Amino acid sequence: MCGIVGYVGKKDSVEILLNSLAKLEYRGYDSAGIAVFDEGKIVVEKTKGRLADLGEKLEKTYRPKGTCGIGHTRWATHGEPSDINSHPHGNEKITVVHNGIIENYNKIKTFLVEKGYVFESETDTETVAKLLDYYYNGNPFETIVKVLKEIEGSYGLGIMFADFPEKIFAVRKDSPLIVGVGEGENFIASDVPAILKYTRNYYLIEQNEIVTLSKDEVVIQDIHGDIIKKELKVADWDEESAEKGGFEHFMLKEIHEQPTALKTTIMPRVLNGMPFLEECGITTDMLKLYNKIFIVACGTAMHAGMVGKYLIERIARVDVTVDIASEFRYRNPIISSKDLVILISQSGETADTKAVLRLAKEHRATTLSIVNVKGSSIARESDFVIYTHAGPEISVASTKAYTVQLSIMYLLTFQLAYARGKITEEECREYTRKLVELPDIITDVLEIKDKCQYAASKLVNADSLLYIGRGLDYALSMEGSLKLKEISYIHSESYAAGELKHGTISLVTEHMPVIAVATQDDLFEKTISNVKEVKARGAYVLMICKENADYDNDAVDFVIKIPAADNIFMPIITAVPLQFIAYYTSVLKGCDVDKPRNLAKSVTVE
């Protein structure tokens with residue numbers, strides 16, 4: 001997730017671009033750059049680091065002078081954070097800024113190299129810039145249409161052609177883009193906050209609509225060249241609310257961003273219907289080598305690892321140990337050079353996880369990190385790294401970072417199982433196809449938030465409550481319980497449902513809430529049996545299950561039904577209602593949802 005802006009008018013474009021990018025830096029802060037028409041030429045200035053670093057560079061080197069330009073703040077996906085990988089990309093004729101991922105960039109890059117093009121960066125965006133150059137015929141609109149037919153993936157593009165000074169061109173697919181409309185000046189931006197200082201009037205751009213922007217005119221066309229008339233919208237948000245996309249809290253916004261985050265994480269790792277992790281250096285032959293796998297993480301990331309253990313052992317039939325990083329490093333674990341240690345961390349800076357990485361390297365084990373932040377310490381020091389593409393997660397309580405971590409565990413499991421001959425190619429393709437469909441299912445699940453809000457109203461006065469589940473549902477119960485306790489401050493514990501009779505059921509009192517996660521068909525009847533046990537002792541039972549589940553209505557007080565999928569894919573689907581329940585409980589209690597007490601986003605000390 002990156003931020004793009006563009007301005008054309010009568011004012012100093014550099015100042016406006018920098019101010020606008022400052023409102024989008026929450027979308028990415030690995031690098032920043034601008035391109036400005038300066039005396040008829042496109043002048044590009046960019047640098048690794050935050051927007052402030054770009055500002056300092058402009059003051060020390062050269063600050064372009066012009067009234068038309070585009071800008072970018074980057075969350076690195078393809079290519080590490082560096083000056084050369086920073087946006088804008090292009091040449092003296094065509095310059096591009098991009099938010100999104102071009103899924104078929106390798107294919108396009110191969111084609112362009114054969115045509116004599118030389119690539120400077122590691123980015124997918126450079127392929128778009130060079131493809132525009134390849135097709136350019138003097139007509140920007142026709143050129144853009146040709147390129148759109150070639151590229152696959154998600155994109156919000158801001159484009160400048162040297163032959164058309166004082167004009168900006170833009171187009172989007174699956175990445176946000178708005179056009180701000182002012183008096184004698186117009187804007188493009190990834191999000192409304194970028195323009196609020198200058199105008200509250202804007203157009204929402206839809207899929208593959210092509211925008212031509214000048215200071216006095218906004219022209220929006222479909223790919224056939226027909227003019228599109230749009231309703232001019234007026235923003236009524238303050239700047240802080242606008243950064244949240246109109247949502248009350250960042251956590252709620254990030255819950256709703258999960259379908260997009262999943263797509264941008266999964267799709268670049270699927271090639272011809274099969275898992276493809278070779279871009280991360282992980283080959284089929286390599287995955288045959290390991291005797292044992294260790295998954296080590298903290299908090300939410302460890303819960304993603306728990307799901308990974310179930311998946312790998314069930315499908316790939318490899319022995320997996322999951323451990324909390326702070327415990328693993330002190331128990332003198334038995335690790336060998338024939339083992340794989342997987343480290344999961346959103347920030348890539350988690351202190352205990354980083355220490356485990358160094359311990360694993362001392363034992364000559366292979367290390368693979370799953371992290372969200374490019375260039376982070378854990379990513380740099382690991383033998384292999386798979387980056388998740390959740391984008392910046394502002395709320396302390398992790399939501400989209402968790403589900404994209406899960407998606408990587410699925411891809412890794414399927415490739416591992418196929419490499420070891422535990423599933424056929426046909427089975428691997430079918431698993432992968434169903435994984436690719438999950439973002440659309442999650443979009444549907446987002447519609448049940450009202451039911452989750454009602455469920456939260458039944459929890460808000462509780463002093464303590466339980467989450468129960470079996471198998472993969474138990475792993476989900478652990479995450480659901482953590483979400484609730486960390487932002488609502490209600491004491492909550494998760495237990496394997498089969499363990500109730502071994503002591504835990506003594507905690508159940510009259511009207512005590514018990515949240516039962518029951519999505520696994522092969523364990524459903526046993527879970528219902530446990531539900532009846534707590535119900536018989538006076539508990540208020542809230543159950544989350546598949547929409548086609550058959551259960552005794554007398555056993556539960558309230559049910560949240562979610563779309564049915566194969567058992568192994570239910571953790572990603574079920575995560576959403578658990579997140580909503582925690583969120584709305586916190587809101588109803590009046591807690592600071594995004595910044596819960598005593599917690600920090602990244603734990604960089606022991």
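The values are calculated or read from the model by the stated rules, or taken from the named source; none is laboratory data. Note that the coordinates shown come from a computational prediction; the quantities given were computed from them, not determined experimentally. Reconstructed Cβ throughout: ideal geometry from the backbone, glycine too, with neighbour counts over all protein chains shown.
Of note:
- Of all the numbered requirements in (1) part of a helix (DSSP H, G or I); (2) within 22 Å of the chain's Cα centre (by Cα), residue 588 misses one, and that requirement is (2).
- Neighbours by Cβ (under 8 Å, 6+ apart or cross-chain): first from the range 501-517, over 11 Å from residue 542 (Cα atoms); second among the polar types (S, T, N, Q) and surrounded by 11 or more Cβ atoms within 10 Å (Cβ to Cβ): 507/464
- When residues of the range 81-108 are limited to those that are crowded, with 23+ Cβ neighbours inside 10 Å, among the small types (Gly, Ala, Ser) and farther than 14 Å from residue 268 by Cβ, the one farthest from the chain's Cα centre (by Cα): 90
- Residue list for the range 167-184, restricted to those being in contact with an Asp or Glu (Cβ under 9 Å, 6 or more places away or on another chain), at pLDDT 90 or above and of a type outside the set (A, V, I, L, M, F, W, C): 172, 184
- Search result, residues across the range 134-173 that are part of a strand (DSSP E or B), within 26 Å of residue 199 (Cβ to Cβ), touching a Gly at 6+ places or on another chain (Cβ under 7 Å) and in contact (Cβ under 8 Å) with a residue 40 or more places away in the chain: 155, 156, 158, 168, 170
Rundown of residues vs (1) touching a Ser or Thr at 6+ places or on another chain (Cβ under 6 Å); (2) buried (at least 24 other Cβ atoms within 10 Å of the Cβ); (3) part of a helix (DSSP H, G or I), yes/no style:
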position: 347; (1), (2), (3): yes, no, no
position: 353; (1), (2), (3): yes, yes, yes
position: 421; (1), (2), (3): no, no, no
position: 434; (1), (2), (3): no, no, yes
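- Subset of the range 21-50 that is without any contact (Cβ under 8 Å) to a residue 40 or more places away in the chain and under 17 Å from residue 187 (Cβ atoms) - its residue that is surrounded by the fewest Cβ atoms within 10 Å (Cβ to Cβ): 22
- Scanning the range 239-265 for residues that are buried (at least 18 other Cβ atoms within 10 Å of the Cβ), of a type in the set (A, V, I, L, M, F, W, C) and either at pLDDT below 95 or not in a helix (DSSP H, G or I) (or both) yields 242, 250, 261.
- Subset of the range 276-292 (residues that are part of a loop (DSSP other than H, G, I, E, B), surrounded by fewer than 21 Cβ atoms within 10 Å (Cβ to Cβ) and not hydroxyl-bearing (Ser, Thr, Tyr)): 276, 281, 288, 289, 291
- Complete set of residues in the range 61-80 that are among the polar types (S, T, N, Q), surrounded by fewer than 23 Cβ atoms within 10 Å (Cβ to Cβ) and within 23 Å of residue 171 (Cα to Cα): 67
- The residue list 295, 342 contains one member that is buried (at least 23 other Cβ atoms within 10 Å of the Cβ), touching a Lys or Arg at 6+ places or on another chain (Cβ under 9 Å) and either at pLDDT 95 or above or not assigned by TED's automatic domain parsing to the domain that holds residue 388 (or both), which is 295.
- Residue in the range 516-559 that is modelled with the highest pLDDT, counting only those that are crowded, with 20+ Cβ neighbours inside 10 Å and among the hydroxyl-bearing types (Ser, Thr, Tyr): 519
- Residue check for residue 132: modelled with pLDDT of 95 or more, touching a Ser or Thr at 6+ places or on another chain (Cβ under 7 Å) and either of a type in the set (Val, Ile, Thr) or buried (at least 19 other Cβ atoms within 10 Å of the Cβ) (or both): yes
- Filter result for the condition that a residue is assigned to a strand (DSSP E or B) and of a type in the set (A, V, I, L, M, F, W, C), over 340, 311: 340
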